[in-house]
1. Starting from the 7 Å offset along Cα-to-Cβ, what nm value, one decimal, do you get for the label separation of His91 and Asp103?
2. Length gain on complete extension for the stretch Ser126 to Leu65, per 0.36 nm per residue less the alpha carbon to alpha carbon distance?
3. With both bridge residues required to lie in the chain, what share of the DSSP beta bridges run antiparallel, to the nearest 5%?
4. What's the longest bit of the chain with no exposed trypsin sites (Lys or Arg not before Pro), using DSSP loop states and at most 11 other Cβ atoms within 10 Å as the test?
5. Determine the dipole magnitude for segment 94-210: charges of +1 sit on the beta-carbon of Lys and Arg, -1 on that of Asp and Glu, nothing else is charged, the reference point is the Cα centre, and the result goes in debye to the nearest 20.
6. Please give me the summed charge of the neighbours of Gly186: other residues whose Cβ is under 12 Å from its Cβ, Lys and Arg +1, Asp and Glu -1.
7. Report, in debye and to the nearest 20, how large the dipole of the chain comes out about its Cα centre when Lys and Arg carry +1 and Asp and Glu carry -1 on their Cβ.
8. Once you put a point 7 Å from the Cα of Thr5 and another 7 Å from the Cα of Glu21, both along the Cβ direction, what distance in nm separates them?
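Throughout, read-outs are computed from the coordinates displayed, never taken from laboratory work. This is a predicted model, so every value here is computed, not measured. All Cβ positions, even for glycine, are placed from backbone atoms using ideal geometry, and neighbour counts span all protein chains on display.
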Amino acid sequence: MSHPTPSLSHFKRSDYQHIYEPAEDTFLFLDALEKEQGFLTDLNPTVCLEIGSGSGCVSTFLATLIGGSGTLFLTTDINPRANAATLSTAHHNHIPLDALRCDLLPSLRHTIDILLFNPPYVVTPSSEVGTHSIVASWAGGIDGREVIDRVLPLVDGALSKRSVFYMVVVNENRPEEIAERMRMCGFGMEVVLGRRAGNEGLKILKFARQ
Ligand code: SAM
């Protein structure tokens, strides 16, 4: 990667007991965004929003990659410690950004130009889904799809006309089924990057209006 990963030196090890520590999925996401830099810059985005920002590493990276003074960077997270962590990472790396405590997305109509989501994708019992703690970082319920499946129907209404949505998945999430759902909403899907990390087959999916 030629663009540096945002500095996270302001975190203590103990912080990662409460917020998601950037890992292989996060770094694959950064690699994919870097690969897409030309496309993302050409979009000339006004509003970028990341759902589930955790440490804030991904949105801070996006802002350094494409940042212009006319672009608004917003993040959401259901975990209040993640909102604070995201703000501190942005501040530490001199990036202006607003972090909202919110379940998935605020109700913005056809506003978001770049939407990002590294969701809780791990297959777990459904009973683990829906907490506001560190467990919300990974608990995806049946097929790891319970949070993902709540986002998919919101994408069309939230995204602007000229926009893009990137999402991290693992093979257990059945990416082809996700592609079919999004096709029904008018979005085409491509795989930007894939990597095996331990027992996870990670992919970065890109959705754009057809
Ligand atoms: N974006 C960070 C990264 O890539 O390192 C963190 C990703 S972590 C896999 C998933 C994040 O989504 C966690 O910070 C978690 O708190 C957040 N999250 C889970 N469910 C959410 C929901 N319903 N609304 C908003 N954020 C959610």
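1. 2.9
2. Roughly 18.3 nm would be gained on extension.
3. 45
4. In the chain, the maximal stretch lacking such sites is 110-210.
5. 400
6. Local charge sum for Gly186: +3.
7. 280
8. For Thr5 paired with Glu21, the spin-label model returns 1.1 nm.
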